[in-house]
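Report on the following structure.
Where a number appears in this text, it was derived from the coordinates with a stated rule and is not lab data. Just so it is clear, the structure is predicted and the values come from calculations on it, not from any experiment. Every residue, glycine among them, receives a Cβ derived from its backbone with ideal geometry; neighbour counts consider all protein chains shown.
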Amino acid sequence: MTEQIHCGQCNPPGVFAARAGRTMLAGAWNENPIAIQILGICSALAVTRSAQAALVMGAAVTFTAIFTNLLVSLLRRFMPQSVRLIVQMLIIATFVSVLDELLKAFHPEMSKELGAYVPLIITNCIPMGRAEGFALRNGPALSMLDGAANGLGYTGVLLMVGSIRELAGNGTIAGFRILGDWYVKSDFTLSPSGAFIVLGLLIVCYNAIRLRAARAKEAAHD
Amino acid sequence: MRTSGSLYTICFATLLAALCGLLTGGAKKYLKPHQDRHMDAVKAKAMLEVMGLKIPANSGELAETYNRHIMVTRYGDLDIYERIVPETRWARRPQVVAWAVPFAGQGYINRIEGLISFDLQKQTIKDIVFTSISETPGLGMKANLPEFRARFRGISIDAIYKADGVKLVKPGTARQPNEIDAIAGASMTSKSLERMINEAFMRIMNNPACRGEGGND
C-alpha cells in the first residue's frame, strides 16, 4: 500500500475542499455579516425598499468583496504593513468605481434607485473587514471564496428584508404582484422605521434557528 | 522581501495608484458611450411622455417616434421643443400642437430637472415630467407621483400669466385658477418646484419671438 507524501507547503487532497466548505458556511451562515456581525446595516436598511434593489446591492457588495479579496491576497506578501489599510481602501474604491460605471451603463434605472449607496460600498465594513481579516492571511482562491460567501450572506439577508418590505408595502415581490387588488398598500414597512423592525425581527428569527440547530447538534453528541 | 522601507512603500503606493487609476479611467472611457446612449434615451422618453405620446418599447422605434413627432425650434434665444402632427391627406402641412421647455433648479436635497409642456390648442399646461429628482422619500419624492403631476394639467396659460405664475398652496386650499395643492409635508420641495416652473413659463412668455412678435429663426 502506497502512502502519499506531502511537502508541507501544499495542502493534501481534501483539505482545501474542507477549508473551502468551512469558509463558505462561515461567511454565508455561521458568521453572516448582517445577522451575526451586524455589519453593513446602513445600506441594508436604505436600499431594501424593493427585492430587486436589494439583490443588485447584494451583487455589488459580493463583486467588490470577491475582487478586493483576490487582489489583497495576491499582494499580501508585497504590501507594506504601515499602509495596508489605505491600500485596501484604494483597491475597494477602484472596484466600486468600476462597478458604479458598469451600473450606470447597463442598469441605469437601478443605479439611480441605489443612488449614493453604491459609491458608499467603499465605506461598507464587509469588503474591508474580509480583506483585513481573511485575504491578508490566505491564498487567492480561498480569499475569493470568502468574499463570495460573505457577499452571498449579505445578499441573502438583504433579499429577505427587501422582499418582506416590498410585499408588505406594495403587495409585490420584484415588481410581480403577489397579493391581489384587495391588499391595502402600507407605507410603514417601506419607511426607515419599518426597515429597522423588519431587519430586527429577521435577526431574531435567524438567531433562533441557529440556536435551535446548535442545541440539536449538542443533543445528538450527548 | 523587505517591505517596510520608505522607498519601497512609495514605489508600491505609486504603482498601485497608477494601476487603480488606469482601471477606473479605462472603465469610464469604455463605458461612456453606453452611458450617453442611455441618457439620450431617457431624455427622449421624457420628451415623448410630456408631449402625451406613447413611449415605444424598443430603442429603434423610440428614435423613430421622436424624430417623427418632436422638433426643436429656436425662438429668439430660446430653444423650444415642439410636438408636430405629421402631414396627412387632410392636413397638408405638419402642425405644431404642443411646446415643451426644460426646467431645473435646486430642490430640498438635490437638483431637480424636468420638462413642462403646453397645449397650444387648449392654451393650457399639458403635463410635467421629472428627468431627475431625488428628494426625501415619502415626502418630496411624492412630486414624481402621477397624482401630483396631474394637478398641473389643464391649468390655463392665461390664468398663470395674469397671476404672475403658478402658486403651490397648502394642500386642500387651492381655489384660484393658478393655484395647485402643494405636496403635503414637503413645503421646501414645493416652493422650489413653483420657482422652477414659473421661471420656465416666464422664459417663454417674456420672449417676444414666442409671442409671435419677432418671428422665429
How far is helix A:192-221 tilted, in degrees, relative to the longest principal axis of the Cα atoms in chain A, given as a value from 0 to 90 rounded to the nearest 10? 40 degrees
Taking the simple approach of a point 7 Å from Cα along Cα-to-Cβ for both residue B:136 and residue B:23, what is their distance in nm? 4.0 nm
Net lengthening on full extension, residue A:125/residue A:141 (0.36 nm per residue, minus Cα-Cα): 3.6 nm
Taking residue B:43 as the anchor, which aspartates and glutamates have their alpha carbon closer than 18 Å to its alpha carbon, excluding any fewer than eight residues away along the same chain? A:109, A:113, B:61, B:64, B:79, B:82, B:113, B:127
Just to confirm the number: angle between the C-alpha axis of helix B:6-50 and the first principal axis of chain B, 0 to 90 degrees, nearest 10? 20 degrees
Would you mind counting up the charge near residue A:141? Only other residues with Cβ under 15 Å from its Cβ, with Lys and Arg at +1 and Asp and Glu at -1. +4
Can you compute the modelled spin-label distance between residue B:37 and residue A:78, with each label point 7 Å from Cα toward Cβ, in nm? 3.6 nm
Can you give me the distance in nm between label points at residue B:159 and residue A:116, each placed 7 Å from the Cα along the Cα-to-Cβ direction? 3.9 nm
Partner lysines whose C-alpha sits under 19 Å from that of residue B:28, ignoring same-chain residues fewer than 8 away, are A:104, A:112
Can you give the FRET efficiency for residue B:106 and residue A:167, using 1/(1 + (r/R0)^6), R0 = 41 Å, r = Cβ-Cβ distance, to the nearest 0.05? 0.70
I need the calculated FRET efficiency for the pair residue B:184 and residue A:208, taking r as the beta carbon distance and R₀ as 41 Å, to the nearest 0.05. 0.50
Across segment B:71-205, how many lysine pairs separated by 8 or more positions, or lying on different chains, have Cα atoms within less than 24 Å? 14
Order of A:182, A:29 under a 10 Å beta carbon neighbour criterion, fewest first: A:182, A:29
Taking the Cβ of residue A:170 as the centre, find all other residues whose Cβ is under 10 Å away and add up their charges (Lys, Arg: +1; Asp, Glu: -1). +2
